[in-house]
Amino acid sequence: MPLTRIVYCSELTENIGSDEIADILQVSRENNAKQAVSGVLLFNTHYFLQCLEGSRAAVNGIYCRICCDQRHHNAQLLTYGEVSQRLFSAWSMAYVPWTEATRTRIAQYSIGTEFNPYQMSAESVVKLLEELARLLLKDAG
Ligand code: FAD
């Protein structure tokens, strides 16, 4: 089964707060671990950026489910394809804290000062994810 990566962005529905985000992360970690799916969820007050990697069937199934979720809308695929290795193999769903280090990386690949994944090129998105994976691994080690 080909190892597949989906990266999409979406907009948070109004009034989604930290409790809902915590729920999303918890459910994601439980469900994804059962299907050997790894990834990362990045967000600010307006936007989500999520990467899912695993078998083609698993990531497509999860992505279809996510698209129906009313806690966000306007999902747009940024990249989709087969990859030779995972970026986030250590996490069923990694969370990226807004530290100085992550802010700097995000600003480096963003257009403008605010994090807005809709404005990012697919190439920038992948580079940003590679940087964040390195940073998370360093922090974990
Ligand atoms: P149920 O929990 O039975 O929900 C049924 C439907 O209601 C689904 O369409 C669900 O999306 C929606 N729903 C559930 N809770 C709420 C709520 N509080 N408000 C509004 N709608 C709701 N799930 C994963 O398994 N893996 C992931 O990586 C993942 N990432 C996500 C990223 C984002 C940005 C969002 C918004 C959600 C994510 N989810 C993820 C959650 C996913 O959308 C489903 O809620 C979850 O997988 C449970 O699915 P279920 O079919 O068992 O739904």
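The values are calculated or read from the model by the stated rules, or taken from the named source; none is laboratory data. As the structure is a prediction and not an experimental result, all values here were calculated from the model. Every residue, glycine as well, gets a Cβ built from its backbone with ideal geometry; the counts of neighbours run over all protein chains shown. Note: areas computed on protein heavy atoms with side chains; ligands, DNA, RNA excluded. Shrake-Rupley method; radii C 1.70, N 1.55, O 1.52, S 1.80 Å.
Can you run phi through the Karplus equation (6.51, -1.76, 1.60; θ = phi - 60°) for segment 110-125 and list ³J(HN,Hα) in whole Hz, with x for Gly and Pro?
Calculated HN-Hα couplings, in order: 9, 8, x, 8, 8, 5, 9, x, 5, 8, 8, 6, 4, 5, 5, 4 Hz.
Restrict the search to segment 74-141; then list the GluC sites (Glu not before Pro) that DSSP places in a loop and that have at most 16 other Cβ atoms within 10 Å of their Cβ. Don't skip to the answer; put the middle values down first.
Details: sites: GLU82, GLU100, GLU114, GLU123, GLU130, GLU131; in loops: GLU114.
Answer in residue order: GLU114.
Under a 5 Å amide H to amide H cut-off, with H placed in plane at 1.01 Å, what residues pair with VAL83 once short-range neighbours are removed?
Close amide H contacts, sequence-distant or interchain: LEU3, THR4, ARG5.
Quick one: compute a quarter of the convex hull surface over the Cα atoms of the chain and quote it in nm². Display every interim value, and only then the final one.
Working: hull surface 32.0 nm².
Over all viewing directions, the chain projects a mean Cα-hull area of 8.0 nm².
Can you work out D for segment 6-59 in µm² s⁻¹ from Stokes-Einstein, where Rh is the Kirkwood radius over C-alpha pairs, the temperature is 37 °C and the viscosity is 0.692 mPa s?
Details: Rh = 11.8 Å.
The estimated diffusion coefficient comes to 278 µm²/s.
Using 0.36 nm times the number of residues separating ALA36 and CYS67, minus their current alpha carbon distance, what extension gain do you get? If you can, show how the numbers build up before the last one.
On the way: separation 31, 0.36 × 31 = 11.16 nm, distance 2.00 nm.
Roughly 9.2 nm would be gained on extension.
Could you tell me what percent of the accessible area of segment 3-140 is made up of carbon and sulfur, with a 1.4 Å probe and every protein chain present?
On the way: 3570 of 7230 Å².
Of the solvent-accessible surface of segment 3-140, carbon and sulfur hold 49 percent.
Apply the Karplus parameterisation 6.51 cos²θ - 1.76 cosθ + 1.60, with θ equal to phi minus 60°, to every residue of segment 83-98 and state each ³J(HN,Hα) to the nearest whole Hz, in sequence, with x for glycine and proline.
In residue order, the calculated couplings are 10, 8, 8, 7, 8, 10, 4, 7, 10, 6, 6, 6, 10, 9, x, 8 Hz.
Starting from segment 2-38, pick out the GluC sites (Glu not before Pro) whose DSSP state is loop and whose Cβ has at most 14 other Cβ atoms within 10 Å.
Numbers: sites: GLU11, GLU14, GLU20, GLU30; in loops: GLU14.
Sparse-neighbourhood loop GluC sites (Glu not before Pro): GLU14.
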